[in-house]
Number of protein chains: 2
Amino acid sequence: MTPAADVLALLGVPPAQARESKGGRTREAILGAAVALACRTGLGGLTVGSLATEVGMSKSGMIAHFGSKEALQLAVLDAAALEFATEVVLPALSAPRGEPRVRALVDGWMVCGLMRRPGGCVFVKSSTELDEQPGPVRDRLRDQHLELARSIARIFSGGIREGHFRADADPERFAVDLHAVMLGFYHQHRLLGDPRAEERARAAVDALLDAERPPAEPARGAPDAVAEAGR
Amino acid sequence: MTPAADVLALLGVPPAQARESKGGRTREAILGAAVALACRTGLGGLTVGSLATEVGMSKSGMIAHFGSKEALQLAVLDAAALEFATEVVLPALSAPRGEPRVRALVDGWMVCGLMRRPGGCVFVKSSTELDEQPGPVRDRLRDQHLELARSIARIFSGGIREGHFRADADPERFAVDLHAVMLGFYHQHRLLGDPRAEERARAAVDALLDAERPPAEPARGAPDAVAEAGR
DNA sequence: CAAAAGTACGAACGATCGTACTATTCTGAA
DNA sequence: TTCAGAATAGTACGATCGTTCGTACTTTTG
């Protein structure tokens, strides 16, 4: 069940020693509250005072664990990424390679967007917050998004190798398109409160996948392959 | 050239009298700077002090034109919506009804997202900022997005009546899908700096439109009607 | 031209921002 | 049990937040 140690290390999980000391434990408690708070207010709206109140500590005692607000923001991004990886990406990897794995990813992602946290998603919020504010936090966020896109593309590539998708499909393009669908879903669901948001997003994903299916091998000539591909 | 008075009134433009007095003029100057600033920092990051500095006024003198920061935010949203309507939506309406009008809308929208303002788009930024912060500003923003979706759907409907799109196509769904593509475009372009962002978004729009085209009537009749529709 | 209305300023308010520095309390290994 | 170091609290700082108030100055009105 527990992922191998090297996988955890890869995700940026600190070693057990650093987690089990008193300081390590409160640090993790702070980060938990910080991620939750940042989901509601964004990374910019996450203030030292409000977070300290949230965890029931003094400002100084709380921020001492990170050094500065910027370092705290970076830690929050890392904690949120770790959470997303372990709760959405990793579980999807245990689905059969190919389209099932892609759909498992979408399912987990959607559940995450629908209900996991009150307030939404740190990444969506900080993406628009930081897109024109250069600095280490913005750079980290961009790296994480690039890494996510790579993961999606890799999972999709498995579907090409399995023959579920066209051999000439573009995994990178699929990653971008899927991300757009999820952004639209988030917008419809969170801001507009559209009850059909999930249904619409799932239809959009279906359309995305249908467009990438291999043509039913024509007996050399049949011009109606398109109709069948809709299956 | 100038839109009719009733159209302007519909868009929320104040009457000339209110615009041409001294106060009206500076109010408009403030709003211009405010929209530009909000594009960089978001509606929340738009502070009274920074805006006053930007326009070269005192805080008190500046905010006196609106009464409170919240009223300023509402005015900024309205000003930005007016700008978007006159620079993107209205011009598109002068394109021939149907697919050309849809494409004109997308073109204008894309140019707007690409280069019109340094810093991005107030609406994208405030959508994620406010999606869980109830209040008048959030309500206004939601109304504006619903209105935009209605406009898109209406323009698309024209394409159905013209026979460019399937009769059973869902204009509302198209509006949601198109918005998702634009959100993805914004994300790729602004945060990730993807040079292929525009190309990718245009391909996604093409895919969206292709999926809505009427089936080439199989029997009796040129199956190439699609090609002509593009004209 | 005088009066009235509109416009802008500067100062000050209490609150909160992030951070620095100093105490005090607590933890855990010798 | 002791004691060094980690952990947390406390306090104060300069800056900025949004807002209010009293007062000049300018425009419009009568």
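Numbers at a glance
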quantity	calculated
Straight-distance crosslink candidates among lysines, where the alpha carbon sits under 28 Å from B:K22 and sequence neighbours closer than 8 are dropped	B:K59, B:K69
FRET efficiency estimate (nearest 0.05) - Cβ-Cβ, A:Q133 to B:S21, R0 41 angstrom	0.65
Nm distances between copies for B:E70, ranked from closest, using label points 7 Å along Cα→Cβ	3.5
7 Å along Cα→Cβ, label-point gaps from B:R97 to other copies, nm, shortest first	5.4
Distances in nm from A:E172 to the matching label points in the other copies, shortest first (labels 7 Å along Cα to Cβ)	3.8
Mean accessible surface per residue for region A:70-216, computed with a 1.4 Å probe while every protein chain stays in place, in Å²	41
Rounded, prolate or oblate (a/c below 1.5 giving rounded, otherwise prolate when a/b exceeds b/c) for region B:132-198 by Cα gyration tensor	oblate
Protection-proxy order for peptides B:53-62, A:68-77, A:101-110, each taking the mean of Cβ atoms within 10 Å per residue, highest first	A:101-110, A:68-77, B:53-62
Shielding of A:168-180 by partner chains, average beta-carbon count, 10 Å	4
Computed E for A:R150/B:R166 - FRET, C-beta separation, R0 45 angstrom, nearest 0.05	0.80
For region A:70-216, the fraction of alpha-carbon pairs in successive 10 Å shells from zero, as %	11, 39, 35, 14, 1, 0
Cα-centre dipole for region A:70-216 with unit charges at Cβ (Lys and Arg positive, Asp and Glu negative), debye to 20	280
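The values are calculated or read from the model by the stated rules, or taken from the named source; none is laboratory data. This structure is a prediction, so every number in the text was calculated from the model and none was measured. Positions of Cβ are generated from backbone atoms using ideal geometry, with glycine treated the same way; all protein chains shown enter the neighbour counts. Quick note on the areas: whole protein, heavy atoms, side chains included, nothing else; ligands and nucleic acids left out. Shrake-Rupley method; radii C 1.70, N 1.55, O 1.52, S 1.80 Å.
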